[in-house]
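Novice: My structure is below; once you've seen it, I'll send some questions.
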Amino acid sequence: MPYANGEIHIGHILEHIQTDIWTRFMRNSNHEVLSFCADDAHGAPIMMKADEMQIKPIDFIDQMKKDHMNSLEKFGIKYTNYHSTHSSENEGLVSEIYLAAKDAGLIYKEDIEQCFDEEKKMFLADRYVIGECPKCGAKDQYGDGCDSCGATYSATELINPKSSLTGSTPRTKISEHIFFDLKKSKSNLKKFLKTASIQNSVVGKLSEWLEGDLRSWDISRDAPYFGFKIPNESDKYFYVWVDAPIGYIASAKNWAKKNNLSIDKLWGKNSEYEIHHFIGKDITYFHGLFWPALLDNSNYKLPNSIHVHGFVSVNGEKMSKSKGTFITADQFAEVCDPELLRYYFASKLNSKIEDLDLNLEDLAQKINSDLVGKFSNIFSRSAPFISKNNNRLSKSVNEEYLSACMKDMDKILDHYENKEFSKAVKLIMQIADNTNKFINENTPWKIDQKDAIVIASTALNVFKNLCILLAPIMPNLCCQMLKMLKINSFSIDNLEDKMIDWEIDDFKPIISRVEPIDIKDFYKQEKIMKEEENNIIQIDDFMKVDLRVARIEEASHVEGADKLLAIKLDLGDLGTKNVFAGIKSVYEPSDLIDKLVVMVYNLAPRKMKFGISEGMILAASDSEGGIFVLSPDSGAQPGQKIK
């Protein structure tokens, strides 16, 4: 779930791409797949960000959700339903699941010491306390967990803590909090880890935590806080990590309601649907222990699978704004086709929890080598021979070669299902490479045209299968390619189909070689925006401009001028002024007589070749050369000041 306090960056987009590839593949394999996501829209950071912007938190998260959905759309990410954790469905589910845990004896209260910022007069959320990890000593760690060793702890345990809001040293203060007793769920969690499909290394780490100092989970926060109030409590709110995962169910419930289905059918204890989570390794503890423990006494089933992925670095370095290696999803989409990043990530993703480096030079090399030099090259090389046959494939193909290309199909499909995308891509590109060799070895440019068409038709049958196989990774590109083959719908079943005596459209290049991207390219737009920001004026600056209503009394052509008209303006009691206006290309002088316009009255006179211009009339323009003189509303009088 994207957190609703900032833009989606390429580290976030990795998770969505991985999820989208898998769900698209499973759908293409004739499975019913429903994918749900939501904006994680609660917590102190959102409250503070909205306060900083002087808007309500609800307005802030609404806009952020729109921005997130727009970013995801650019990368071809499609969910069955995309919702928000700040929803009526989620509020009802959170209360329901909490009360079920309370009835099961898993909830208790206890006084705790919290970090309190005297300057802000508020308890500090964990993320607003920074210090040294009490477990491994790593510096600059937040108050809820260590990014270095993965340990969780309370903010008061940090060594040398500081408030990130004010820089002051927070004092500890007593407050009654509500806890989830995780130890009581220990035996059930052991069973869960044995039955759920989770990477072995993740199970090992979760088991280590489970056998260690298993602490109760503080699920409450003090006011002020942006989130859901805890039932039957005063000024206590659910910690964001309580309602965030429940937001998955809420998104499903929101969709179910629209489609006249019961959430019990989708997510109830006896539901036939499997629940799969895709998460980053930094939230393994929450999804692997807290989440199943919370669900265990509810009416909802536990996850069948949790797939954990690593982090993204850029050119070998951790993403950092200060180092210029932080790239948002929108920045990438401005510079490069997002589907190329989908392919690059897929070519590196596997079922392990390995960090992934986005090397921009390697990205260009891989696209040029794989997609241009191998994949697309098959179509571009085969098309000229088919065009000589009225764009119709031959009535026979090289069955032996087609069979050879099919021998790894089951392996590729298994790799997809097991989330071994890099292995699937490697085998797909081997087929593409072999097919180019097949064309080279059979030299269709040297042989009889009829035989050449058979070679080209065989290659295009392989190409069709490559498009189907790559469609989960590059849906837009592959669909465009398949449409040129006059295939508008497809599934994995169509891998066995042959295009015999099949008409196709003319080949049009869809993908071309790309130049290596410079990291600075992602910041060009930002630089332009900053320059625009620097061009902002204050109200006092604007008030210096004296805008007046004027009536065009006379208008005429200017001898020797290609663009100018000479205009005499009536300004009522202020008299008249003469100006030159570059509007000759779209206005005839006779059409302008008596027209009301807006004039910059106090502009310094400007000496021109054709005379002195005593001001300026305002007009809008577009990129196609259109000019549109601005006119005040009817009733305005010459000489009136525009404020």
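Novice: Per residue, how many Å² of accessible area does region 426-466 show with a 1.4 Å probe?
Specialist: Dividing the accessible area of region 426-466 by its residue count gives 42 Å².
Novice: Straight-line reach from residue 595: which lysines have Cα under 19 Å away, leaving out those fewer than 8 places along the same chain?
Specialist: By straight Cα distance, residue 595 reaches 568, 577, 584, 641.
Novice: Could you sort 599, 616 by accessible area so the largest value comes first, with the probe set to 1.4 Å?
Specialist: 616, 599
Novice: Assign unit charges at the C-beta atoms only (+1 for Lys and Arg, -1 for Asp and Glu), then state the dipole size of region 550-643 relative to its Cα centre in Debye, rounded to the nearest 20.
Specialist: It works out to roughly 440 debye.
Novice: Could you order peptides 102-110, 427-435 by the average number of other Cβ atoms within 10 Å of their residues, highest first?
Specialist: Descending packing order for the listed peptides: 427-435, 102-110.
Novice: Would you mind getting me the FRET efficiency between residue 506 and residue 317? Use the beta-carbon distance for r and R0 = 60 Å, nearest 0.05.
Specialist: Efficiency, rounded to the nearest 0.05: 0.85.
Novice: Using the heavy atoms of the protein chains alone and a 1.4 angstrom probe, what is the accessible area of region 119-263 per residue in square angstrom?
Specialist: Accessible surface, normalised per residue, equals 48 Å².
Novice: Which aspartates and glutamates, if any, have their Cα less than 19 Å from the Cα of residue 407, not counting same-chain residues under 8 positions apart?
Specialist: By straight Cα distance, residue 407 reaches 399, 417, 420, 433, 493, 496, 497.
Novice: With point charges of +1 on the Cβ of Lys and Arg and -1 on the Cβ of Asp and Glu, referenced to the Cα centre of the chain, which listed residue (299, 373, 452) lies farthest in the positive direction of the dipole?
Specialist: 452
Novice: How many nm separate the modelled label positions at residue 441 and residue 578, each set 7 Å beyond the Cα in the direction of the Cβ?
Specialist: Label at residue 441, label at residue 578, 8.6 nm between them.
Novice: Starting from the Cα-Cα distance between residue 588 and residue 641, subtract it from 0.36 nm times their residue separation and give me the gain in nm to one decimal.
Specialist: Gain in length upon complete extension: 16.4 nm.
Novice: Placing +1 on the Cβ of each Lys and Arg and -1 on the Cβ of each Asp and Glu in region 78-131, which of 107, 87, 129 has its Cα farthest towards the positive end of the resulting dipole?
Specialist: Of the options given, the answer is 87.
Novice: I would also like to ask the following. Packing-wise, with mean Cβ within 10 Å as the measure, how do 71-78, 629-636 rank, highest first?
Specialist: For the peptides 71-78, 629-636, the packing ranking is 71-78, 629-636.
Novice: Using the membrane-span-like helix rule (whole DSSP H runs, Cα extent along the own axis of at least 27 Å, mean Kyte-Doolittle hydropathy at least -1.0), which helices of the chain qualify?
Specialist: Answer set is 421-442, 449-470.
Novice: Right, here's the next one. Quick query: amide H of residue 398 versus all other amide H atoms, modeled in the peptide plane; which residues come in under 5 Å with a sequence gap of 5 or more or a different chain?
Specialist: Distant-sequence amide H within range of residue 398: 458.
Novice: Of 483/508; 323/520; 321/348, which sit over 18 Å apart, Cα to Cα?
Specialist: 321/348
Novice: Straight-line reach from residue 352: which lysines fall under 25 Å, measuring Cα to Cα and dropping same-chain residues less than 8 apart?
Specialist: Cα-Cα hits under 25 Å: 78, 190, 191, 194, 205, 281, 318, 366, 411, 419, 423, 426.
Novice: Let's see if you can work this out: charge +1 on each Lys and Arg Cβ, -1 on each Asp and Glu Cβ, no other charges. What is the dipole magnitude of the chain about its Cα centre, in debye to the nearest 20?
Specialist: With Lys and Arg at +1 and Asp and Glu at -1, about 820 debye.
Novice: Here are some values of semi-axes √(5λ) of the Cα gyration tensor in Å: (1) 42, 33, 25; (2) 52, 27, 24; (3) 52, 45, 22. Which one was computed from this structure?
Specialist: Read-out from the structure maps to (3).
Novice: May I ask you to rank 133, 479 by accessible area, largest first, using a 1.4 Å probe over the protein chains only?
Specialist: Per-residue accessible area, sorted high to low, gives 479, 133.
The values are calculated or read from the model by the stated rules, or taken from the named source; none is laboratory data. Predicted, not measured: the structure shown is a model, and the values here were computed from it. Quick reminder, even Gly has a Cβ in these numbers, built from the backbone with ideal geometry, and neighbours come from all protein chains shown. Surface accessibility is based on the protein's heavy atoms, side chains included, excluding ligands, DNA and RNA. Shrake-Rupley method; radii C 1.70, N 1.55, O 1.52, S 1.80 Å.
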